[in-house]
Amino acid sequence: MLIFLAAAHLLSAQTLGKAPSLTFAAVPLVTAERAQQTMVNLNFRVPPGYHINSNTPKSEFLIPTALKMDLPTDIVLGKIEYPVGEDASFPFSPDEKLSVYSGDFTITVAVHPMQSVVPGKYEMHGVLRYQACDNAACFPPKTLPVSFEVKVVKEPPAHKANPAQSPHVHN
Amino acid sequence: MAFVVALMLYVGYHQARRQGGALAAPRLTQSSLAPDFSLESLDGKTMRLSDFRGKAVLLNFWATWCGPCKVEMPWFVDLQNQYGSQGLQIVGVAMDDASKEDIGKFAKDMGVNYPILIGKESVGDQYGGVPALPESFVITRDGKIMDKIIGLRGKADIEDAIKKALNTRPATSQASIEERSSVAR
């Protein structure tokens, strides 16, 4: 009886078209110098059997995967670099190539603490918007909260060249 | 025994959550009366499902961002051409964040020859939450749900379901008509 119920439960989960959820891997504490740009890798995973549109899907009607960060004042967000999508065709449209992410993918963001930022730890928050499909159905767009911590440190002391010790100086 | 009952309740709870994200979503089964609704069409008219009383209806929930939905649309155009004179009415409900203009452009590009209505979450909820697209309901001439199709299936499967719905009889009793008159807005 219990085995039958468990089997029915599993079957219903598949046939009802459960919307997949992406996962976001925790980011180790990022150390960023003031007035410098620091690159931060954000790692995501699409569950097996699903795909999401890349940041540059091939149709104006498809919803691109997009990260929106909301950073503290005085920490500037630089360029967000998205991976190139994989050109793939699916059983629902074998003649058409779509630009998608599946499995693991990484989005890189540049954070740039201004000179005026007080050294310390800062929490960065954002959301990743994506829209997933499997081989036969698509699911409404979802958002995934994204956060990581940045430790802002003072810039290292300016290097004072000592001509006597420099290997590049030849008298 | 108590454990089995508790397990069944657990299974039922999670099934209900999956279907619509809310326990309030109705459980539509074969031969349930298709919930009536009122929605605006692309040309600005207000249409109700009950306007198609007496016809076999294929109610298709779709969106412009849904690739599999795009594959079905030419099939629906063909089926509407082929079976429209026998009493088939395909009705599209766009469950989309896109503007009415964009939905209209998409439908025009696809050569759609059946009404497209601008969907609302409340109508999706009436039909179990519509968790994945495409999702279609084949409705008999007397307004009952005959088949529910989630995801992309073959055109032949859809055509078979339509033929069965066309072979049904329209409702004749006043009671049946009145049953469909609770309209969602």
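Here B:ILE158 does not qualify as surrounded by 23 or more Cβ atoms within 10 Å (Cβ to Cβ) and more than 11 Å from chain A (Cβ to nearest Cβ). Tell me whether the range A:4-21 contains one or more residues that are farther than 30 Å from B:ASP109 by Cα and either modelled with pLDDT of 95 or more or more than 14 Å from chain B (Cβ to nearest Cβ) (or both). The answer is no, given that none of the residues of the range A:4-21 is farther than 30 Å from B:ASP109 by Cα and either modelled with pLDDT of 95 or more or more than 14 Å from chain B (Cβ to nearest Cβ) (or both). Checked against (1) assigned to a strand (DSSP E or B); (2) open to solvent by less than 30 Å² (accessible area, probe 1.4 Å); (3) at pLDDT 95 or above, A:ASN41 passes all but a single condition, namely (2).
Each row is one residue, and each column tells you yes or no for (1) on the phi < 0 side of the Ramachandran plot; (2) open to solvent by less than 10 Å² (accessible area, probe 1.4 Å); (3) away from chain A (no Cβ under 11 Å).
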residue: B:LEU58; (1), (2), (3): yes, yes, yes
residue: B:TRP62; (1), (2), (3): yes, yes, no
residue: B:PRO74; (1), (2), (3): yes, no, yes
residue: B:GLN80; (1), (2), (3): yes, no, yes
residue: B:LEU88; (1), (2), (3): yes, yes, yes
residue: B:ASP96; (1), (2), (3): yes, no, no
residue: B:TYR114; (1), (2), (3): yes, no, yes
residue: B:LEU117; (1), (2), (3): yes, yes, yes
residue: B:GLN126; (1), (2), (3): yes, no, yes
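Among the residues of the range B:118-163, just one is touching a Gly at 6+ places or on another chain (Cβ under 6 Å) and over 22 Å from A:LYS18 (Cα atoms), namely B:ARG141. Taken across the range A:40-47, residues that are under 29 Å from A:GLU123 (Cβ atoms) and free of Cβ contacts under 8 Å to residues at least 40 places away in the same chain do occur, with at least one present.
Just checking, does the range A:154-166 include any residue being modelled with pLDDT of 95 or more and either of a type in the set (Phe, Trp, Tyr) or surrounded by 11 or more Cβ atoms within 10 Å (Cβ to Cβ) (or both)? No, the range A:154-166 contains no residue that is modelled with pLDDT of 95 or more and either of a type in the set (Phe, Trp, Tyr) or surrounded by 11 or more Cβ atoms within 10 Å (Cβ to Cβ) (or both).
The values are calculated or read from the model by the stated rules, or taken from the named source; none is laboratory data. None of the values given here were measured: they were computed from a predicted structure. Using ideal geometry, Cβ is built from the backbone for each residue, glycine included, and neighbour counts are taken over all protein chains shown. Heads up: the accessible areas ignore ligands, DNA and RNA and are worked out on the full protein's heavy atoms, side chains in. Shrake-Rupley method; radii C 1.70, N 1.55, O 1.52, S 1.80 Å.
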